[in-house]
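Engineer: First the structure, then my questions, so here it is.
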Amino acid sequence: MLLDTPICDFGYQAPDFSLKTPEGETFTVNKQLGDKGLLIAFICNHCPYVQRIAQRLATDTKTLMDEGINVLAIMSNDYRYVDADSPTNMQRFAQEHQFLFPYLVDEDQSVGKRYGAVCTPDFFGFNAKGSLQYRGRLDDARMGDTDNRIPELVNAMRQIAETGQGPKEQTPSMGCSIKWRNE
């Protein structure tokens, strides 16, 4: 099911969490908030929208990380329902696309729920104080037109790093709904 993300709730404070990579390394928001902010991306392996942007995501996040902006990705799908999103497949997907950021497993889906993540990809850009300043898309490239894209996410995160404030105009991200576990 195709969904759009909600409008940015400026000032929303990033809830802390402790999540692990498939390899077992633990990361928290509090330790990842840097002087220039933090990007949290809710992604998964099987989503065609994520697959379409995976290379640009790898390139753009490398650029941000080289500029001192921290990046975490979280997989909140119920991977027991969607095996393609299993921790083993997360490792493969990250290696295939040369992700340099930690790709974390939200085993009980509590982090995705606390953040209000609705789709993959879903990007949250926080300033150094943990205040939400961006909730939009990676870029505005039209289907297949990657030569003429405007890097919305990179530009927004650079603005947040420099001023602490995100752009007032943001284009919602769109993608596949997060696959929540049936309780």
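Engineer: Explain nothing, just the number: dipole magnitude of the chain about its Cα centre with +1 on each Lys and Arg Cβ and -1 on each Asp and Glu Cβ, in debye rounded to the nearest 20.
Structural biologist: Rounded to the nearest 20 debye, it is 120 debye.
Engineer: Summing -39500 (n - 2.57) over the DSSP H runs of n ≥ 4 in the chain and dividing by its residue number, what mean residue ellipticity at 222 nm do you reach, to the nearest 500 deg cm²/dmol?
Structural biologist: Helices in the chain give a 222 nm mean residue ellipticity of -8000 deg cm²/dmol.
Engineer: Which of the lysines could a cross-linker bridge to residue 129, judged by Cα under 26 Å and excluding same-chain residues fewer than eight apart?
Structural biologist: Reachable lysines: 20, 31, 36, 62, 113, 168.
Engineer: Per 10 Å bin, what is the whole-percent P(r) computed from every C-alpha pair distance within the stretch 51-126?
Structural biologist: Calculated P(r), rounded to whole percents: 17, 51, 29, 2.
Engineer: Same structure again: With a point put 7 Å past each Cα toward its Cβ, work out how far residue 108 is from residue 25 in nm, to one decimal.
Structural biologist: Each label point lies 7 Å from its Cα, and together they span 2.5 nm.
Engineer: Quick one: Karplus J couplings for the stretch 119-126, per residue in order, coefficients 6.51, -1.76, 1.60, θ = phi - 60°, nearest Hz, x for Gly and Pro?
Structural biologist: Couplings: 8, 10, x, 9, 9, 10, x, 10 Hz.
Engineer: When the C-alpha atoms of the stretch 2-177 are aligned to their principal axes, what extent does each axis show, in angstrom, from largest down?
Structural biologist: Largest to smallest, the principal-axis extents are 40, 37, 29 Å.
Engineer: What ranking of 137, 56 emerges when the number of other C-beta atoms within 10 Å of each C-beta is taken as an exposure proxy, fewest first?
Structural biologist: Arranged by neighbour count, lowest to highest, 137, 56 become 56, 137.
Engineer: I've got another one for you. What FRET efficiency do you get for residue 92 and residue 62 if R0 is 25 Å and r is their Cβ-Cβ distance, rounded to the nearest 0.05?
Structural biologist: 0.85
Engineer: In whole Hz and in residue order, list the ³J(HN,Hα) couplings for the stretch 75-81 that follow from phi through the Karplus curve 6.51 cos²θ - 1.76 cosθ + 1.60, θ = phi - 60°; x for Gly and Pro.
Structural biologist: For the stretch 75-81, the Karplus-derived couplings read 10, 9, 4, 6, 6, 6, 8 Hz, x marking Gly and Pro.
Engineer: If you take the Cα Rg of the stretch 1-51 and divide it by 2.2 N^0.38 Å, with N the number of residues, what do you get?
Structural biologist: 1.41
Engineer: Among all cysteines in the chain, which have no other cysteine Cβ under 4.7 Å from their own Cβ?
Structural biologist: Lone cysteines by the Cβ rule: 8, 44, 119.
Engineer: Continuing with the same structure: What is the spread of the Cα atoms of the stretch 98-142 along each of their three principal axes, largest first, in whole Å?
Structural biologist: 34, 29, 23
Where a number appears in this text, it was derived from the coordinates with a stated rule and is not lab data. Quick caveat, the model's predicted, so the values are computed rather than measured. Every residue, glycine among them, receives a Cβ derived from its backbone with ideal geometry; neighbour counts consider all protein chains shown.
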